[in-house]
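To keep things clear, I will list the structure first and then write my remarks on it.
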Amino acid sequence: MREAVASAETVLLPGGLTVRVPAVPALALLKLLTWWERRTVTTRDAVDLATMISWYSTGSYLDLLYEEELDLLARHDYDPALAGAWRLGSQLPGLLDETGKHALLPIVEDDDVLGRLANDAGGARAPELMRAMGAGIRHAIGS
């Protein structure tokens, strides 16, 4: 939670009201860790995480992939969904200290756990998207 608050962005709402909201990578990190803790009782966190992953291949995130991340797109056969999932994953460890980074490894280094996450997330592409996100996390950690 501390990391989510630290990375919060200010958003202007209608009527001039400003609020601070966590950045998407911080929300995704919270959802991934919450899923890990509650995976035996609910799939909600995995479904929410899948939604956040989908954001990373649409709108301004899609523009960014084509404007600044062509090498990443090429590595994923120009599939923006996979490149976006990898990119989001690669941003999660940067929010954590070393202890936090290593807390992610049991989730993303185990194919069975990633399979369970994908199953809980639902959707035809969930397995490959979760693997891509996991690969981005592992790359950023250096494992």
(request) Would you check which residues across segment 89-143 are touching a residue at least 40 places away in the same chain (Cβ under 8 Å), part of a loop (DSSP other than H, G, I, E, B) and within 16 Å of Leu33 (Cα to Cα) and list them? (result) Leu92, Leu96
(message) Among (1) in contact with a Lys or Arg (Cβ under 6 Å, 6 or more places away or on another chain); (2) of a type in the set (A, V, I, L, M); (3) not in a helix (DSSP H, G or I), there is one condition Leu49 misses while meeting the rest; what is its number?
(response) (3)
(request) Answer yes if at least one residue in segment 43-57 is free of Cβ contacts under 8 Å to residues at least 40 places away in the same chain, loosely packed, with under 15 Cβ neighbours inside 10 Å and either under 19 Å from His139 (Cβ atoms) or polar (S, T, N, Q) (or both), and no otherwise. (result) yes
(request) Determine which member of the set Ala74, Ala23, Ala83 is under 15 Å from the mean Cα position of the chain (by Cα), small (Gly, Ala, Ser) and closer than 19 Å to Ala135 by Cα. (result) Ala83
(request) May I ask you to say which residue of Leu88, Leu104 is surrounded by 15 or more Cβ atoms within 10 Å (Cβ to Cβ), under 18 Å from Met130 (Cα atoms) and either among the polar types (S, T, N, Q) or at pLDDT 95 or above (or both)? (result) Leu88
(request) List the number of the failed condition for Asp71; all other conditions in (1) part of a helix (DSSP H, G or I); (2) of a type outside the set (Phe, Trp, Tyr); (3) surrounded by 14 or more Cβ atoms within 10 Å (Cβ to Cβ) hold. (result) (3)
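The values are calculated or read from the model by the stated rules, or taken from the named source; none is laboratory data. Everything quoted here is computed from the prediction, not taken from an experiment. Neighbour counts run over all protein chains shown; Cβ positions are idealised from the backbone, glycine included.
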